[in-house]
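The values are calculated or read from the model by the stated rules, or taken from the named source; none is laboratory data. Worth saying up front: this structure is predicted, and the values here are computed from it rather than measured. With ideal geometry, Cβ positions are generated from the backbone for all residues, glycine too; neighbour counts draw on all protein chains shown.
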Amino acid sequence: MTAEIRGIGAFIPEKVITNEDLCKTVDTTDEWIKSHTGIEKRHMIADEDATSDMATRAARVAMERAQVDAEELDMIIVSSVTGDYPGFPSTACLVQKNLGAEQAGAFDILAGCTGFIYGLSIAKNMILGGDFKHILVIGAESLTRITNWDDRNTCVLFGDGAGAAIVSANNHVDGRGILQSVLKAEGAGAEYLMRKAGGSRHPLNAETNIADNLLSMNGRRVYGFAVRVNTILINSLLKKHNLRIGDIKYIVPHQANERIIQAVSERMNIPMDKFYLNIREYANTSAASVPLALNEMVEKKLLNKGDLIMTLGFGAGLTYGGNLIRW
């Protein structure tokens, strides 16, 4: 038995913020943003919505494609750093209610931009343990709600969206499924990407600096970390299965910055067209970025049964991880 991705889905908010829009409020240019990040636009969640709403819509698409009904779901896993509420209730429980999945367990994971990668690995191992058959894994983010729009170094980077996958038990002998996961962290770099206020160390109160309740990042440190760990992940996944890069149809990385992927491409002598990128349209959507890319690839008919792909993530924590998947 293996654990396969049986269906994929996504939801993208309609509202779009272009680079030109940002140039009206902060000291930057469209050319600078594109040349330094590869981003041209990002989508923003509707005023009346929250993260669970986007997650629910993405889940319904994945469930329809997988032909799995709400009552068949055994577990719902949501990765998000922008849940509806701080700490509890979990966003996964709100999605469970929205879907009417009354038989499913539900929990959130906090692994930053690596969250969907972690979620796939957790789902795989739960299924291989024999107690679960269909698990819904979601990456959903409303990052524009915690963006500091006065900080030109970070406000250009982030967008909103949700992606979802149904991970199911596969009893066939076709070998399709999540073959291997590598999950790692470097907690010593936690301060490089964080939202300082709102937890037990810096509780919200009348003295709280507004900026401390928003996302902050040491871009130089995160960039160096990302380039380094992506090479580690690719080499590790290849080595574990005695593969060469030519055996991989696509590498689907977290969409954080196009320059990070270019640096990895040059360092490892991997053609850029081996990496699937859609950051120009969506910017960095954290835990949602990998499932959004997978959904787009499915809709473009780029993936065929039996294709070997890698999914890679890196982000707050600092966390990093990868999955080797036979589609």
### Task
Go through the residues of region 196-215 one by one and say whether even a single one is within 20 Å of Lys124 (Cβ to Cβ), outside the structural domain of Lys41 (by TED's automatic domain parsing), charged (D, E, K, R) and modelled with pLDDT under 95.
no
### Message
As an exercise: evaluate Met272 against (1) surrounded by fewer than 17 Cβ atoms within 10 Å (Cβ to Cβ); (2) farther than 21 Å from Ile33 by Cα and give the number of the one condition it does not meet.
### Response
(2)
### Summary
Thr37 vs (1) surrounded by fewer than 18 Cβ atoms within 10 Å (Cβ to Cβ); (2) farther than 26 Å from Ile5 by Cβ; (3) polar (S, T, N, Q): all pass except (1)
### Message
With the requirement that a residue be surrounded by 20 or more Cβ atoms within 10 Å (Cβ to Cβ), assigned to a strand (DSSP E or B) and not charged (D, E, K, R), what does region 95-108 give you?
### Response
Ala106
### Query
If you go through region 226-269, how many residues are assigned to a helix (DSSP H, G or I) and either closer than 24 Å to Ser35 by Cα or not assigned by TED's automatic domain parsing to the domain that holds Gly189 (or both)?
17
### Query
Which condition breaks for His134 when tested against (1) of a type outside the set (A, V, I, L, M); (2) under 15 Å from Leu120 (Cβ atoms); (3) surrounded by fewer than 18 Cβ atoms within 10 Å (Cβ to Cβ)?
(3)
#### Entry: Some residue of region 65-86 being among the small types (Gly, Ala, Ser), without any contact (Cβ under 8 Å) to a residue 40 or more places away in the chain and over 26 Å from Thr311 (Cα atoms)
yes
### Summary
Matching residues in region 235-246 (surrounded by fewer than 11 Cβ atoms within 10 Å (Cβ to Cβ) and either farther than 13 Å from Asp307 by Cα or in contact with a strand residue (DSSP E or B) (Cβ under 6 Å, 6 or more places away or on another chain) (or both)) number 3
### Query
Of all the residues that make up region 1-52, how many are within 23 Å of Ile260 (Cβ to Cβ), under 17 Å from the mean Cα position of the chain (by Cα) and not charged (D, E, K, R)?
4
### Checking Asn153 against (1) part of a strand (DSSP E or B); (2) at pLDDT below 95; (3) not hydrophobic (A, V, I, L, M, F, W, C), the condition it does not meet
(1)
### Task
Would you check if Gly175 is within 17 Å of the chain's Cα centre (by Cα), of a type outside the set (Lys, Arg) and either part of a helix (DSSP H, G or I) or closer than 25 Å to Pro291 by Cα (or both)?
no
### Query
Between residues in region 131-148 that are closer than 20 Å to Val290 by Cα and residues that are crowded, with 24+ Cβ neighbours inside 10 Å and among the acidic types (Asp, Glu), which pairs lie under 8 Å by C-beta distance while being six or more apart or on different chains?
Glu141/Asp160; Ser142/Asp160; Leu143/Asp160; Thr144/Asp160
